[in-house]
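> Can you read through this structure? Questions will come right after.
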Amino acid sequence: MKEYLFTSKRLGFRKWNDSDKIPFGEMNRNPEVMKFMPSLLTQQESDRMFKRIQGHFDTFGFGLFAVELLSEKEFVGFVGFQQTRFEADFTPCFEIGWRLTSKVWGNGLATEAGLRCLAYGFEKLELVKICSFTALENKRAQRVIEKVGLRKIGEFDHPKLEEGNWLRKHVLYNIERPTFN
């Protein structure tokens, strides 16, 4: 039985297991899921990301949580927090981020997961401010970010994406503990 750190109505949030590597890699090779990312990831690149996620847990005690559908005990992606490492006027900060497999899209799970993670971040982890950002073109993610209560701060050019890259322009959002309901 997998141990959840916390749950929402339909989702369980937990640390990662080695058994997550294959479905994680499959999700990261799905062109629909990765549409607003710089590229699809090979299994080897997904495995490296898996190690970075685990390293974040080792350093901070939390990170991007593996997410399962409670009804099926099936890995469907990740939602959680990571420390932003690139150079920008709003860093350092903790970012809420998510990636769910496309087969669960359209059911409100990203919003449910985002709201539950924000509550966990403010109440249990005692984070003071949480940010989120996405490509300007990613309207679907922006809707979720706004639904969970973050407010738009502005736009910026992502420093890890080269000039001329269609994903370079990003939208920045944040929320502070006192304003989270």
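> For the range 137-181, name all the residues that are assigned to a strand (DSSP E or B) and among the hydroxyl-bearing types (Ser, Thr, Tyr). Steps first, please.
Initial filter on the range 137-181 (assigned to a strand (DSSP E or B)): 151-157, 169-176.
The one that is assigned to a strand (DSSP E or B) and among the hydroxyl-bearing types (Ser, Thr, Tyr): 173.
> Restricting the first residue to the range 43-56 and requiring it to be over 15 Å from residue 22 (Cβ atoms) and touching a residue at least 60 places away in the same chain (Cβ under 8 Å), which pairs with a second residue that is of a type outside the set (D, E, K, R) and part of a helix (DSSP H, G or I) meet a Cβ separation below 7 Å and a spacing of at least six or different chains?
none
> So which residues in the range 57-75 are of a type in the set (A, V, I, L, M), touching a residue at least 40 places away in the same chain (Cβ under 8 Å) and part of a strand (DSSP E or B)?
At the first step, the residues of the range 57-75 found to be of a type in the set (A, V, I, L, M) are 64, 66-67, 69-70.
Subset that is touching a residue at least 40 places away in the same chain (Cβ under 8 Å): 66-67, 69-70.
Residues satisfying the conditions are 66, 67, 69.
> Another question about this same structure. For the range 132-181, which residues satisfy the criterion of being closer than 25 Å to residue 122 by Cα, polar (S, T, N, Q) and at pLDDT 95 or above?
Answer for the range 132-181, where residues must be closer than 25 Å to residue 122 by Cα, polar (S, T, N, Q) and at pLDDT 95 or above: 132, 134, 142, 174.
> Scan the range 3-55 residue by residue and report those that are polar (S, T, N, Q), farther than 20 Å from residue 111 by Cβ and in a loop (DSSP other than H, G, I, E, B). Outline the logic, then answer.
Going residue by residue through the range 3-55, those that are polar (S, T, N, Q) are 7-8, 17, 19, 28, 30, 39, 42-44, 46, 54.
So of that shortlist, the ones also farther than 20 Å from residue 111 by Cβ come out as 17, 19, 28, 30, 39, 42-44, 46, 54.
Once the filter is applied, which keeps residues that are polar (S, T, N, Q), farther than 20 Å from residue 111 by Cβ and in a loop (DSSP other than H, G, I, E, B), the range 3-55 yields 17, 30, 39, 42.
So that you can scan it fast, the table gives a plain yes or no per residue for (1) buried (at least 18 other Cβ atoms within 10 Å of the Cβ); (2) of a type in the set (Val, Ile, Thr); (3) within 16 Å of the chain's Cα centre (by Cα):
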{"position": "3", "(1), (2), (3)": "no, no, no"}
{"position": "15", "(1), (2), (3)": "no, no, yes"}
{"position": "19", "(1), (2), (3)": "no, no, no"}
{"position": "25", "(1), (2), (3)": "yes, no, yes"}
{"position": "47", "(1), (2), (3)": "no, no, no"}
{"position": "75", "(1), (2), (3)": "yes, no, yes"}
{"position": "85", "(1), (2), (3)": "no, no, yes"}
{"position": "95", "(1), (2), (3)": "yes, no, yes"}
{"position": "98", "(1), (2), (3)": "yes, no, yes"}
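> What is the residue count in the range 117-135 for residues that are part of a loop (DSSP other than H, G, I, E, B) and closer than 16 Å to residue 90 by Cβ? Walk me through how you get there before you give the answer.
Quick first cut of the range 117-135, residues part of a loop (DSSP other than H, G, I, E, B) only: 124-128.
With closer than 16 Å to residue 90 by Cβ added as a condition, the list becomes 127-128.
Count: 2.
The values are calculated or read from the model by the stated rules, or taken from the named source; none is laboratory data. No experiment lies behind these values; they were computed from the predicted model shown. Note that each Cβ is placed from the backbone with ideal geometry, even for glycine, and that neighbours are counted across all protein chains shown.
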